[in-house]
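The values are calculated or read from the model by the stated rules, or taken from the named source; none is laboratory data. This one's a predicted model, so the numbers in the text were calculated from it and none came from an experiment. Methodologically, a virtual Cβ is constructed for each residue, glycine included, from the backbone with ideal geometry; neighbour enumeration extends over all protein chains shown. When the accessible area is computed, the model is the full protein with side chains, heavy atoms only, and any ligands, DNA or RNA have been set aside. Shrake-Rupley method; radii C 1.70, N 1.55, O 1.52, S 1.80 Å.
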Amino acid sequence: MYNSKITGLGFYVPEHIVTNDDLSKLMDTDDEWIQERTGIKQRHWIPEGSEDTSAVMGAKAAKIAIERAGLTKDDIDFIVFATLSPDYYFPGCGVQIQDMLDMPTIGAIDVRNQCSGFIYALSTADQFIKTGMYKNVLVIGAEYHSNGLDKSTRGRGVSVIFGDGAGACVLSQTEDNTKGILSSHLHSQGKHADKLIVASPSIKHWVPEILASKEEDISYFPYMDGTFVFKNAVVRFSEVIMEGLNTNKINPDDIDLFIPHQANLRISQFIQKKFGWRNDQVYNNIMEYGNTTAASIVIALTEAWEKGKVKEDDIVVLAAFGSGFTWGSVIIRW
Ligand code: ACO
């Protein structure tokens, strides 16, 4: 058995910034409400006319990660792409990356696990490396939310939290079994699927039905029971972090950095308080980017690494919760 470690990280967000004040021109909301409930000050949205998409942004982030790993596109053995906002219903974004980066005909899969997407993708890549099947796997999380949001007052409970962006890492084989991904823990509870969902267009509810609907049918916009999701999130985050720490016999006090999925700053703060972590043990950037779903953890990890907050031998805890419901954690010794 081999271990896998992150050897390169990169992220890309569109330049166009949308502040809370900008949103208040589109819908009945205000900076105070958004900051108080979510901590978000601004997000990056792909502007009209841009060629960016989830796959395009993912490719941009991937190029940086591959270069920082000291590799070339030809060294990558496999692609795992996490997104809830793929460019197409099918095929997935992973195969687009293979083409966009002009890679050999390596395998590529998409992971459709929403906010937990990056955790699931990282864990998937880790298994391929642990068994010795692949040496270098490209893991990408990317979201193009802004084109699919209800930007009227009707959609304000959901639309204000989401941002566009992409992050990527290269996961590489190492023979040092003390370093890299120590464990991953993945969970789901499908009975709550309808609490956070884009219900259509889907094969169950296809376009002609939506168009023919007598009552206004907006099931193509994300629906979220925010309070229910929030309550479940704080419980599941804590459980799955504890599961990871217990498996590795790590005391919560001994972690160096916790990077939660950037769903809501209040969720992150709740978890931080529960574990008694200092501010320097937790990294948040939702204030600047909003919730970029499958991209959020890898964007935050890249930023933290760029700022020198992730050092050799550090214990880094990643955790996420989101639609599905799905949740998970990954424990890393850097
Ligand atoms: N601006 C002003 N008022 C608003 C806004 C807004 N943007 N949005 C909602 N409101 C109003 C509501 O209409 C409601 O008004 P009412 O009391 O008169 O009916 C009031 O504010 C409270 O609304 P709630 O939805 O109860 O607000 P809440 O405090 O729950 O905050 C939020 C909403 C921020 C979305 C929160 O519930 C949350 O963060 N939930 C968890 C999100 C999450 O973790 N998602 C998982 C990841 S996402 C994924 O997997 C895709």
Members of segment 193-221 found to be in contact with a Ser or Thr (Cβ under 7 Å, 6 or more places away or on another chain) and among the hydroxyl-bearing types (S, T, Y), listed by number: S200, S219, Y220
Residue list for segment 122-144, restricted to those being in contact with a Ser or Thr (Cβ under 6 Å, 6 or more places away or on another chain) and either without any contact (Cβ under 8 Å) to a residue 24 or more places away in the chain or not small (G, A, S) (or both): D126, I129, N136, E143, Y144
Only listed residue being modelled with pLDDT under 95 and either within 16 Å of the ligand (Cβ to nearest atom) or under 23 Å from the mean Cα position of the chain (by Cα) (or both), chosen from S172, S184, S219: S219
Selection within segment 36-63 - part of a helix (DSSP H, G or I) and either under 21 Å from the mean Cα position of the chain (by Cα) or surrounded by 23 or more Cβ atoms within 10 Å (Cβ to Cβ) (or both): R37, T38, S54, A55, V56, M57, G58, A59, K60, A61, A62, K63
Test: residue in segment 292-310 that is away from the ligand (no atom under 16 Å from the Cβ), open to solvent by less than 10 Å² (accessible area, probe 1.4 Å) and in contact with a Gly (Cβ under 7 Å, 6 or more places away or on another chain): yes
Qualifying residue in segment 231-240 (condition: open to solvent by less than 40 Å² (accessible area, probe 1.4 Å), touching a strand residue (DSSP E or B) at 6+ places or on another chain (Cβ under 8 Å) and among the basic types (K, R)): no
Top-ranked residue in segment 22-34 [being open to solvent by less than 60 Å² (accessible area, probe 1.4 Å) and within 11 Å of the ligand (Cβ to nearest atom); ranked as farthest from S159 (Cα to Cα)]: D31
Residue, nearest to S296 (Cα to Cα), within segment 67-84, restricted to residues that are open to solvent by less than 10 Å² (accessible area, probe 1.4 Å) and away from the ligand (no atom under 16 Å from the Cβ): F81
Which numbered condition N147 misses (of (1) of a type outside the set (K, R); (2) within 16 Å of the ligand (Cβ to nearest atom); (3) surrounded by fewer than 16 Cβ atoms within 10 Å (Cβ to Cβ); (4) part of a loop (DSSP other than H, G, I, E, B)): (4)
Single unsatisfied condition, F258 versus (1) touching a residue at least 40 places away in the same chain (Cβ under 8 Å); (2) outside any helix (DSSP H, G or I); (3) touching a Gly at 6+ places or on another chain (Cβ under 9 Å): (3)
Residue list for segment 85-125, filter: within 23 Å of Q262 (Cα to Cα) and open to solvent by 60 Å² or more (accessible area, probe 1.4 Å): R112
